[in-house]
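Below is one structure; the comments refer to it alone.
The values are calculated or read from the model by the stated rules, or taken from the named source; none is laboratory data. Worth saying up front: this structure is predicted, and the values here are computed from it rather than measured. With ideal geometry, Cβ positions are generated from the backbone for all residues, glycine too; neighbour counts draw on all protein chains shown. Just the protein is used for accessible areas: all its heavy atoms, side chains included, with ligands, DNA and RNA removed. Shrake-Rupley method; radii C 1.70, N 1.55, O 1.52, S 1.80 Å.
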Amino acid sequence: MNKTLLTGVKPTGNPHIGNLFGAILPMINLINQNDGQSFVFIANIHALNGVKDAEFLRDKTYEVAATFLTFGLDPTKTIFYRQSDISEIFEITSLIMNFTPKGLMNRAHAYKAILERDGNDDNVNMGLYTYPVLMTADILAMNADIVPVGLDQKQHIEIARDIANAFNSVYKKDILKLPEEFIQYQDSILGLDGRKMSKSYGNTIELFASEEDTRKKIMKIPTDSLLPADKKTDDSTLYKLMKMFKVEDDYLQNYLAGGIGYGDAKKKLAETVNTYLLPYREKYKILISDKAKIDEILNTGAVEARKIASSTLYNMKKTLGL
Ligand code: TRP
């Protein structure tokens, strides 16, 4: 593949296995297979519509950066930056506001959900309401062809296309590139309680928690009252998680046949998870302890990103007569 890839990650929450298997690793794989330019950025301004805590936002930004670096994002090959460092994005946002029908924003899922919940939109801030416009500016600024996202973001990419198309149509020029979504992963990752792994369900396996905390959480996986010697089925959460973490086949067969009890199987799963995460936890610890290094990486990325964004902005302004 030889495409311009771009994706943004909001700095909120503690990264967990669902994020890793569902988004981070597929994204890094895709980038590694791409011969074109890739951009990954931390969408800290997007986080602002909800987060109003400076220390939290600062910490989470470093944590997201360190997480991506831990799992193999190579900043010498990918342009990696903070959204807030690219002031051109906010200028582009202002320009494209004029090509964005209010009705388009009224149909955005996140906004509609709040409207339906509250019966009015009095408490919706304009950051949330115009979230898709900022996201459009993120994408158009870098001339992205492909935007890897989860299914929940598909509508935002469609909106980006609509806005780019409106701009191009009015001025009868192909100034803005129309992006396409790339839905990487539709199956959700199983959480500890059998539902989709999600922070909001409290059923996550966090990537950078301690071994002890990880073990404790895994020991609480709900199971039925079968005895160790009873035959077990392969449709339980415990079994599926063992499979997901690639516990050896021999062990799984023995478990199903009644050779292993739930308690021991959970211990085995906890060990497997901790062993898998150990090298990453060590790498992460080193990275997160050197914030100056992270700043340097993100600042270098910002310089590169701004070159491209300022060229897009220049072309837009010229087209508009500004
Ligand atoms: N809205 C995305 C999310 O919540 C994050 C994001 C912001 C993004 N800007 C983007 C993703 C641009 C892709 C492209 O996950």
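Residue by residue through the range 85-102, which ³J(HN,Hα) values in whole Hz follow from phi under the Karplus form 6.51 cos²θ - 1.76 cosθ + 1.60 (θ = phi - 60°), with glycine and proline marked x?
7, 9, 5, 4, 4, 7, 5, 4, 4, 4, 5, 6, 3, 6, 10, 10, x, 4
Once you place label points 7 Å from the Cα toward the Cβ at Val170 and Glu158, how far apart are they in nm?
The answer from the label model is 2.3 nm.
Hand me the GluC sites (Glu not before Pro) from the range 109-214 located in a DSSP loop with no more than 13 other Cβ atoms within 10 Å, in residue order please.
Sites meeting the loop and neighbour criteria: none at all.
In the range 72-117, what is the volume of the convex hull around the alpha carbon atoms, normalised per residue and reported in Å³?
Working: hull volume 6.5 nm³, N = 46.
Per residue, the Cα convex hull of the range 72-117 comes to 141 Å³.
In Å and on Cα atoms, what radius of gyration and Dmax does the range 56-134 show?
16.6, 48
Which of rounded, prolate or oblate describes the range 1-151 when judged by the alpha-carbon gyration tensor and an a/c cut-off of 1.5?
Note, shape of the range 1-151 comes out prolate.
What number results when the radius of gyration of the range 267-322, computed over Cα atoms, is divided by 2.2 N^0.38 Å?
2.09
Keeping all protein chains in place and using 1.4 angstrom, which order do Ser311, Ser198 fall into by accessible surface area, from largest down?
Ser311, Ser198
Taking the solvent-accessible surface of protein heavy atoms with a 1.4 Å probe, what is the per residue accessible area of the chain in Å²?
On the way: 16140 Å² over 322 residues.
Per residue, the chain has 50 Å² of solvent-accessible surface.
Using only protein heavy atoms and a 1.4 Å probe, report how much of Thr61 is accessible, in Å² to the nearest 10.
10 Å²
Under 5 Å between amide H atoms, partner at least 5 residues away or on a different chain: which partners does Glu180 have, H built in plane at 1.01 Å?
Here Ile146, Val147 satisfy the definition.
Apply the Karplus parameterisation 6.51 cos²θ - 1.76 cosθ + 1.60, with θ equal to phi minus 60°, to every residue of the range 29-43 and state each ³J(HN,Hα) to the nearest whole Hz, in sequence, with x for glycine and proline.
Using θ = phi - 60°, the values come out as 4, 4, 4, 5, 8, 8, 8, x, 7, 10, 10, 10, 9, 9, 7 Hz.
Among Pro148, Pro228, Pro11, determine the one that fluctuates most according to a GNM of the chain built with springs between C-alpha atoms less than 10 Å apart.
Most flexible of the set in this elastic network: Pro228.
Run the paramagnetic zone check for Glu271: 7 angstrom along Cα to Cβ, then residues of the range 12-28 with backbone nitrogen under 19 Å.
none
Which whole-Hz couplings ³J(HN,Hα) result when phi for each residue of the range 203-219 is put into the Karplus expression 6.51 cos²θ - 1.76 cosθ + 1.60, θ = phi - 60°, listed in order with x for Gly and Pro?
In residue order, the calculated couplings are 10, 8, 9, 6, 5, 10, 6, 6, 4, 5, 5, 5, 4, 4, 5, 5, 5 Hz.
At 1.4 Å probe size, put Arg161, Arg107 in order of accessible surface, largest to smallest.
From most accessible down to least: Arg107, Arg161.
Show the residues, 5+ positions off or on another chain, whose built amide H is closer than 5 Å to the amide H of Leu190.
Here Met197 satisfy the definition.
Using a basic spin-label model with each label point 7 Å from the Cα along Cα→Cβ, how many nm lie between Lys240 and Lys283?
The modelled label-to-label distance comes out at 2.9 nm.
Can you give the Rg and Dmax of the chain based on its C-alpha atoms, in angstrom?
22.4, 79
Along Cα→Cβ, 7 Å out, is where each label goes; now give me the distance between the ones at Thr233 and Asp53 in nm to one decimal.
The answer from the label model is 4.1 nm.
If you split all Cα-Cα distances of the range 165-320 into 5 Å bins from zero, what percentages do you get per bin, shortest first?
1, 7, 12, 12, 11, 10, 8, 7, 7, 7, 6, 5, 3, 2, 1, 0
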